[in-house]
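First the structure, in the form of structure tokens, and then the observations on it.
The values are calculated or read from the model by the stated rules, or taken from the named source; none is laboratory data. All values derive from a computational prediction rather than experimental measurement. Cβ coordinates were reconstructed from backbone atoms using ideal geometry, including for glycine residues, and neighbour counts include every protein chain displayed. Heads up: the accessible areas ignore ligands, DNA and RNA and are worked out on the full protein's heavy atoms, side chains in. Shrake-Rupley method; radii C 1.70, N 1.55, O 1.52, S 1.80 Å.
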Amino acid sequence: MITLGEFIVDKQDDFPEASGELTLLLGAIRLAAKVVNREINKAGIADIIGSTGVENVQGEVQQKMDLYANDKFKATIEARGEVCGIASEEEDEFICFDTERGRNSKYVILMDPLDGSSNIDVNVSVGTIFSIYKRTSPLGTPVQLEDFLQPGDKQVVAGYVVYGSSTMLVYTTGNGVHGFTCDPSLGVFYLSHENMQIPDNGSIYSINEGNYLKFPLGVKKYLKYCQEIDPPTNRPYTSRYIGSLVSDFHRNLLKGGIYMYPSTASAPKGKLRLLYECNPMAFLMEQAGGIALDGEKRIMEINPTELHQRIPFFCGSKNMVNDARLMLEEHGY
Ligand code: P6P
């Protein structure tokens, strides 16, 4: 039984240029995940469910747990050091750690501290998503917006925590995808899923079909393809949509499947954010042998222009995403 800490140290050689900073940074994420997990597990009795009544930069009403998780991850990461700044779904602007230590730190982190948080009130799984880059601005200076606006191919680490029937931390450093399950009696994450690989084919599709009438024709065509009766290709596929990206992603990673959040008539860029939802999930998916596209291009090739920019997202088993891509190409994105 290898713990997350032991595994990270074992794999430290994957980062010849990192002198332990990433190990410390992943340790900070691990600690914050435990603190957030503890609060989520008692959300029904602590005065921490429901909304704050305040809208974030996304125009979404912030849940109390959104702010709790955001504060805990920010504080833990800042205390542990190693980053010069943080960008978060819950923060309008990026946060600069303008101290001697912060200015001389090599990394930035982008995160969605609690994705799918509206599910907490109904006791459905939620997650944290994180993405780490090496800064591009000079060491010794305050972090700049350019440090956050990097294409996904430049990511150094990406991962998520899924607060589900068990709490898992799944991450990649570009050397495979590895999953760790928390033993709640000890508060220790143990390696439970080494080198996770998504099947090339799957029979699960995840999408909010309530938006069907607003989807591009290519998406409608693909959904009908999923629903056709064709036993040799294991269709009709099964529709599974939790409304929590991390949970849908994690299930499809294990069983095979495709997750889609396309553009719609009312949301031409879709809903999901490129920097701290799609890029980290795309890094994980490609490392697990899957594909992540905006419908046409690799997510991780896109050059970001804004911190909170949205992007259509198609992610999952290689053959399923390619089928969807071909229909989008033929019938329209
Ligand atoms: P809809 C949660 O708000 C989220 O960002 C993802 O976790 C989830 O997959 C999606 O939005 C759900 O959005 O519009 O289907 O409710």
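Per-structure values
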quantity	calculated
Dipole magnitude of segment 154-305, debye to nearest 20 (Cβ charges: Lys/Arg +1, Asp/Glu -1, about Cα centre)	480
Given charges at Cβ of Lys, Arg, Asp, Glu: the chain dipole, positive-most of Ala75, Pro151, Gly243	Gly243
Cα centroid separation - segment 149-171 against segment 86-105, whole Å	19
Dipole-positive endmost among Asn208, Ala292, Met320 within segment 202-333 (Cβ charges, Cα centre)	Asn208
Potential extension, Leu191-Thr238 segment - 0.36 nm per residue separation minus Cα distance	14.0 nm
Computed magnitude of the charge dipole of the chain (debye, nearest 20; Cβ of K, R +1, Cβ of D, E -1)	580
Mean Cα-pair separation over length for segment 4-193, i.e. relative contact order, pairs under 8 Å, 6 or more apart, %	16
Label-point gap, in nm, between Ala79 and Lys154 - each point 7 angstrom along Cα→Cβ	3.1
Projected label distance in nm at Thr52 and Leu213, using a 7 Å step from Cα toward the beta-carbon	3.5
Extension reserve of the Ser165-Val61 stretch, reckoned as 0.36 nm per residue once the Cα distance is removed	34.8 nm
Computed [θ] at 222 nm, helices only, for the chain once each DSSP H run of length n ≥ 4 contributes -39500 (n - 2.57)	-8500 deg cm²/dmol
Residue among Cys96, Ile132, Thr173 farthest towards the positive dipole end of segment 73-176, charges placed on Cβ	Thr173
Rounded to the nearest 20 debye, dipole of segment 4-193 from Cβ charges on Lys, Arg, Asp, Glu	500
Net charge of neighbours whose Cβ lies under 14 Å from the Cβ of Tyr333, counting Lys and Arg as +1 and Asp and Glu as -1	+2
Accessible-area composition of the chain, carbon plus sulfur, in percent [1.4 Å probe]	49
